[in-house]
Amino acid sequence: NAGVTQTPKFRVLKTGQSMTLLCAQDMNHEYMYWYRQDPGMGLRLIHYSVGEGTTAKGEVPDGYNVSRLKKQNFLLGLESAAPSQTSVYFCASSLRVPTGELFFGEGSRLTVL
Amino acid sequence: AQSVAQPEDQVNVAEGNPLTVKCTYSVSGNPYLFWYVQYPNRGLQFLLKYITGDNLVKGSYGFEAEFNKSQTSFHLKKPSALVSDSALYFCAVIGAGSYQLTFGKGTKLSVIP
């Protein structure tokens, strides 16, 4: 029972480099989310998707792009990484909104030097 | 806009004693409220939720939470704390018609043997 899987788990980038985080869920959920977690800040929503082919901005979308080409996958891209994007990134999915709970991945720790 | 406040960054409790982790919220319309727990280097796990009905909600691992509409609170409680309950706890809220779950900053619970 995989649930929500994030890759990679760890990554170190230099300022200006680009990368993509992949989130895959095997629960046939419609709703998927990308959050970042920073000390003392809790979780902040970056982007989310309410279904295949749709994406929307969350609370802190600047510097990030997303795509949901397949229902089971939600990609988070950083086009030009900045040190302020050093964080732990969590993907989550949900069967229904607003009453359904989120299922989280194990997180991806990104460091931008 | 919706928001969550967790007024205590850290709560310390002796093993066997009752514990309370506080949460207040602000949302338009009826709230849907959640508690999640995060163990070190792991993703968040769902504990319990309030959608409607009985104000006292029971969840996983013996936790419960009380919804108080007049005080806009949703405090997490457990009658007898275990050392294994030590973790980071997040309260979250979402309003009807919204797709975005808003998290509090988290409260670190330490249960002392």
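Mind checking which pairs have a first residue in segment A:1-25 that is farther than 12 Å from A:Cys91 by Cβ and a second that is of a type in the set (Lys, Arg), Cβ under 6 Å, 6 or more apart or different chains?
A:Phe10/A:Arg109
Just checking, does segment B:73-86 include any residue being at the interface with chain A (Cβ under 8 Å from one of its Cβ atoms) and either touching a residue at least 12 places away in the same chain (Cβ under 8 Å) or charged (D, E, K, R) (or both)?
no
Within the set of pairs 6+ apart or on separate chains, which have a first residue in segment A:37-55 that is at the interface with another protein chain (Cβ under 7 Å from one of its Cβ atoms), a second that is in a strand (DSSP E or B), and C-beta atoms under 6 Å apart?
These pairs meet every condition: A:Gly42/B:Phe103; A:Leu43/A:Tyr35; A:Leu43/A:Gln37; A:Leu43/B:Phe103; A:Leu45/A:Tyr35; A:Tyr48/A:Tyr33; A:Tyr48/A:Ala56; A:Val50/A:Tyr31.
One line per residue, one yes/no per condition, for (1) over 11 Å from the mean Cα position of the chain (by Cα); (2) of a type outside the set (Ser, Thr, Tyr); (3) modelled with pLDDT of 95 or more:
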{"position": "A:Arg36", "(1), (2), (3)": "no, yes, yes"}
{"position": "A:Pro39", "(1), (2), (3)": "yes, yes, no"}
{"position": "A:Leu45", "(1), (2), (3)": "no, yes, yes"}
{"position": "A:Ser49", "(1), (2), (3)": "no, no, yes"}
{"position": "A:Asp62", "(1), (2), (3)": "yes, yes, yes"}
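How many residues are surrounded by fewer than 19 Cβ atoms within 10 Å (Cβ to Cβ) and touching a Pro at 6+ places or on another chain (Cβ under 9 Å) when one looks only at segment B:18-53?
So the count comes out to 4.
Residue check: is A:Gln85 surrounded by 15 or more Cβ atoms within 10 Å (Cβ to Cβ), polar (S, T, N, Q) and more than 12 Å from the chain's Cα centre (by Cα)? Spell out how you get there, then give the answer.
Values: surrounded by 15 or more Cβ atoms within 10 Å (Cβ to Cβ): yes; polar (S, T, N, Q): yes; more than 12 Å from the chain's Cα centre (by Cα): yes.
Yes: the conditions hold for A:Gln85.
Scan segment A:56-63 and give yes if some residue there is away from chain B (no Cβ under 13 Å) and over 25 Å from B:Gln38 (Cα atoms), otherwise no.
yes
May I ask you to say which residue of B:Val37, B:Val4, B:Val11 is part of a strand (DSSP E or B), among the β-branched types (Val, Ile, Thr), over 16 Å from A:Thr99 (Cβ atoms) and in contact with a helix residue (DSSP H, G or I) (Cβ under 9 Å, 6 or more places away or on another chain)?
B:Val37
Have a look at A:Gly100, A:Gly63 and point out the one that is farther than 14 Å from A:Val4 by Cα and in contact with a helix residue (DSSP H, G or I) (Cβ under 9 Å, 6 or more places away or on another chain).
Working: A:Gly100 fails: in contact with a helix residue (DSSP H, G or I) (Cβ under 9 Å, 6 or more places away or on another chain).
Exactly one of A:Gly100, A:Gly63 is farther than 14 Å from A:Val4 by Cα and in contact with a helix residue (DSSP H, G or I) (Cβ under 9 Å, 6 or more places away or on another chain), namely A:Gly63.
The values are calculated or read from the model by the stated rules, or taken from the named source; none is laboratory data. All figures in this text were calculated on a predicted structure; none of them were measured in a lab. When we count neighbours, we look across all protein chains shown, and the Cβ atoms used for this are built from the backbone with ideal geometry, even at glycine.
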